[in-house]
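The values are calculated or read from the model by the stated rules, or taken from the named source; none is laboratory data. These numbers were taken from a predicted model, which means no experiment stands behind them. Glycine gets a Cβ as well: all are built from the backbone with ideal geometry, and neighbour counts include every protein chain shown.
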């Protein structure tokens, strides 16, 4: 009788166990770009400057449902600051479209500025996502 009770208890215990499978999906990707001083252009006489980064991984799905975050480093990667950002009187912003990220800058006082004279690192983070809803 004792053996039957042990067998029944084991069967009930094992039947209550379920196997869980955890699937890991990479949903965020990043790359670091070097922004050289000669890569900035102005179309308004020095009131603003911009530089364009080719980011082919920024596809239509990310454009429509995901996210793009850009960070700048003015000290060769020791620290990064998320943009939009104001640094030394210059406002940095970002626009993105499929395959492209454009970083722009302008003086906070509205006057003419000069393009950055040193190398800046830009970290572009792409976040993949699905649309919410039905």
Search result, residues across the range 54-63 that are over 10 Å from residue 130 (Cβ atoms), outside any strand (DSSP E or B) and more than 11 Å from the chain's Cα centre (by Cα)
55, 56, 57, 59, 60, 63
What number of residues in the range 106-132 are over 18 Å from the mean Cα position of the chain (by Cα), within 13 Å of residue 35 (Cα to Cα) and either assigned to a strand (DSSP E or B) or modelled with pLDDT of 95 or more (or both)?
1
Extreme residue, modelled with the lowest pLDDT, among residues of the range 53-80 that are surrounded by 13 or more Cβ atoms within 10 Å (Cβ to Cβ) and closer than 16 Å to residue 116 by Cβ:
74
If a residue has to be free of Cβ contacts under 8 Å to residues at least 40 places away in the same chain, touching a strand residue (DSSP E or B) at 6+ places or on another chain (Cβ under 9 Å), more than 18 Å from residue 28 (Cβ to Cβ) and not in a strand (DSSP E or B) to count, how many in the range 76-100 make the cut?
3
Out of curiosity, is residue 49 within 15 Å of the chain's Cα centre (by Cα) and either surrounded by 13 or more Cβ atoms within 10 Å (Cβ to Cβ) or part of a strand (DSSP E or B) (or both)?
no
